[in-house]
Each structure stands twice: as C-alpha cells, then as structure tokens.
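The values are calculated or read from the model by the stated rules, or taken from the named source; none is laboratory data. Nothing here was measured: the structure is a model prediction, and the numbers come from that model. With ideal geometry, Cβ positions are generated from the backbone for all residues, glycine too; neighbour counts draw on all protein chains shown. When the accessible area is computed, the model is the full protein with side chains, heavy atoms only, and any ligands, DNA or RNA have been set aside. Shrake-Rupley method; radii C 1.70, N 1.55, O 1.52, S 1.80 Å.
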Amino acid sequence: ALTALQSCRSHCESELASLGVSYYVAAAASLKRAQSTQIVRVSYLSTVSLAYRRRHKQASKQVRSSPDPNRQTKPTMVLTDRQRADLHGGIYEYLLSRPGEPFAAAAAALAQADPGACQAKDSKPAAATTAAPLLEKKWTAVPRLQKKVLELERAAAQSARIHAHRAGLGGAGVGGGGSGEGGASGSRRMIPRPPAVHTLKGHQGQVTCVAVHPVYTVAVSGSEDGTVKVWDHESGDYVRTLKGHTNTVYSVAFTPTGSHLATCSSDLSIKLWDFSTYACVRTLRGHDHTISCVRFIPLPPSAMTSSAYSSSSSSAATSAAAAAGGDAAGGAAEASSSATGIGVGAAAGSAQLVSASRDQTVKFWDVETGFCVHTVADHSDWVRTVAVRESDGEVLATSGNDTVVNVYRTGGDRRKVCELRGHEHVVEAVAFVCAATPAAVAESGGGSGSGSG
C-alpha cells in the first residue's frame, strides 16, 4: 500500500511539474516537502492528478497537431470555468485544512495561481467553513452513491421477481379464453398491491364492512357509528351518508344489478335502500339479537331473462296507458306497484334476502313483501356469516361460532345439503369458488371457463 502511495505521489509531482508553469512547479515542490512529513490523502492526490493530467493531455495533442513546432499553444481547458473554479477552491480549502507549513505554502501558491476561486472560499461565513471540505464531501459521497445504487438494484430485482407473472399476460381473464396458464396468471392480477389508490376517511367509528357496486364506480361502508357512507372509489370523493340505524352496522350488500342496498345492524333491523334515491324503502324486523350478515339471493339466469321480458312488457303497457289517458295510466302504475311491492325483484335481479344473526338463526326474507318466509335454526351458537353462490343463487353456506359450515338449497324446502366440520375455532368467513379451476380449463382445451363451483 505504501509503495502504491509513493508511486501515486511521484506521478502527481511529475504531472504538476510537466505543466511548466511556475506556480504549478512551486505547488509540486511544496507537495513534495509535505510528503516528507506525512502521507497526503489519496483523494487529494487523485483529484489533482486527474484534473491536470486531462489539461496536459489536451495541450500535448494540440502541440503535436500544430504545423509550427516553435509556436506556443495555450492548453485547452477540459473543465468549464465554473468546474475549474470549484476544483481549485476545493483543493485550496483542503490544503488550508491540513496542518504544516508545506501545505500552507502550497495553498499560497494555488491562491496566487487562481485568486478568484480561492478568494471565494475565503469569503464564506464562519459557519460554512466549519463544515467538511468539498473534496472530502465528494470523496465520501461516492461510496454512499454506490451503496444507494446497489440498494436500488436489489429493489428492482425483487420487484421483477414479484411481477414476473405479468410478463406473459394476454387478454384472457379468469376462466376466459386462452390457455390455463394465462387464466392462472390473470387471476393473480386481482391481488391488491400497495400503494393504495385512495384512502377514504369520514367515519367516526371503526369501519366494519364494505361493498362495491356491481355496475358503477361506487363503494359503501358501514361503521360502528351507525351510518353507511357512499364513496366514489375512482376519484376518492365522498358522495353521501345513509342514516337510519341506531347502532353498529355489521354488513352491507348490493342486489345483482345494484338497484338496491341492504344493511343490517345490532339494532335488530335490516334496511333496504333504493340506491337511485338513497331512500330507505323498507325495514325488516324479526331477529332477537345482533344481525351479523345479510346477502341477496340472485335469480337464476332463466328467471332473469323472463323477468326482464315481463318488466319491459309492463313498462310498455304503462307507457301506452299514459298515452291513452291519465286515469288509465294511474291504474296501470298501481297494478305494477302492487305486483312488485317496492319494485325490488326483476329490476334488482333478486327476490329473496338471507340474514344471519347472533340469535343462532338464519332467516329468508321475501324482498317484495318484506315478510320472513323461512327460518333455519341448525346452528348452536352465533351465526356470523352467509355466502351465496353467485353464479345461480341455488346454494348458500352459513358458519359461525360453533365451528360448523352448513350448506343449504335456496329453493323448494330449503333443505340442508351437508355439514362441513374440521375447524377448531370460530368460522368468520365463507365463500363459493364460481370460476373454473386451472385443471378444468386445461381439460376443456382453454375454452370458456364458466364453472358452477
């Protein structure tokens, strides 16, 4: 190491002396005397050597290319005036910071060579002069920047590993056309990843439930403050507050078409809201304890088609009656209203509502009339959650504190299909898988993957 330092010092002296200018020769001589007392920092030697080697190299090129060898050619500066002033000022500041007469002499020679840059350093306030010299700052900044580059490279490599599954994504979604591998990759795109797009704040209590509108860019949230808030999740704006419950709201659910919203609370009530007017159109009562979950049972696809046809026929009849006369229009409207109750059914894509409660029961409600049409009491403890198979609405599952999952048919006598046992603690959530599995997609040759789950 000492041999390398001595070689570097000797090379620096020769480079300074080769410039041929008197004050550079003096600086080289002062540097040589300083070396006899202690080893000069490599950062200083490297900076001086690099800067003035570039100057000397450019000057040598011009001398060789000159046709007249006797003509004196002024060396061309590689650095700009601003960079040259900063470099000379940094060297001057470093020489002043070192103890000993040789360093002071070298600083004086440099101040004579470039008084402008050196005077700018001398004119700095006292607080600024106590900081580390410019050359030391730049020398320590290089390892710091190298460490930062390594950290960014590691982060980029980790991010590439995390998002590697997105490289082969095409237009195929979950269960859609394309290969099974594409479908599996498409399903992973739905996994939430930070950072959050929006943070919605406004409730006065803890948020207990959320639901997303099936059609519009709207989300609703229920809270312990007894309110239901409506948000635009695309813009992050607050839209409206639905008030009606007097205690914690535990669950919210939209109809398949999003025309109505159901909410349940520990105030022993279920409320149906017309989402076009934000008005509470019906309150259902019958449970004896906290209502923990509520879900709509969607109509089968065939019923949806026929109901939509009937609804359109009814609308056409009402319009024709309105054109014929006011009394006829009123009669048609009254008949339509009496047929559908509050207007929930075909338009909503659901005719029944199911709710779970801490009173250990699960109740089925006729949405159009508001009456409880069936009660299931197979659980021995708090029923916490209900899940309905969304593809056809023919099957639902319930679970709760008794660690049992019960599966029922939603039509006919609503008989229990099976009991699923295996958990050793409270079952707080259940869900049906209605998309085709990767194996089913592979067997079908990558065709349409609409499975019943």
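General observations
- Filter result (part of a strand (DSSP E or B), without any contact (Cβ under 8 Å) to a residue 40 or more places away in the chain and in contact with a Gly (Cβ under 6 Å, 6 or more places away or on another chain)) within the range 196-226: Ser223
- Any hit, the range 118-140, residues being within 30 Å of Ser276 (Cα to Cα) and either at pLDDT below 90 or loosely packed, with under 14 Cβ neighbours inside 10 Å (or both): no
- Residue match in the range 80-92 (condition: of a type in the set (Ser, Thr, Tyr), surrounded by fewer than 12 Cβ atoms within 10 Å (Cβ to Cβ) and modelled with pLDDT of 75 or more): yes
- Test: Ala253 is among the aliphatic types (A, V, I, L, M) and within 19 Å of Pro298 (Cβ to Cβ): yes
- Scope the range 227-276; condition assigned to a loop (DSSP other than H, G, I, E, B) and open to solvent by less than 10 Å² (accessible area, probe 1.4 Å); matching residues: Thr255, Gly258
- Total residues in the range 83-107, condition of a type in the set (Phe, Trp, Tyr) and farther than 9 Å from Ala117 by Cβ: 2
- Filter result (touching a residue at least 24 places away in the same chain (Cβ under 8 Å) and outside any loop (DSSP other than H, G, I, E, B)) within the range 388-418: Val388, Val395, Leu396, Ala397, Thr398, Ser399, Gly400, Val404, Val405, Asn406, Tyr408, Lys416
- Subset of the range 277-299 [surrounded by fewer than 14 Cβ atoms within 10 Å (Cβ to Cβ) and either modelled with pLDDT under 90 or acidic (Asp, Glu) (or both)]: Asp288
- Residue ID - modelled with the lowest pLDDT, chosen from residues in the range 406-440 that are touching a helix residue (DSSP H, G or I) at 6+ places or on another chain (Cβ under 8 Å) and closer than 24 Å to Pro300 by Cα: Ala436
- Scanning the range 328-346 for any residue that is modelled with pLDDT of 90 or more, over 26 Å from Pro300 (Cβ atoms) and outside any strand (DSSP E or B) turns up nothing.
- Among the residues making up the range 355-387, those that are open to solvent by 20 Å² or more (accessible area, probe 1.4 Å) and aliphatic (A, V, I, L, M) are Val373, Ala377.
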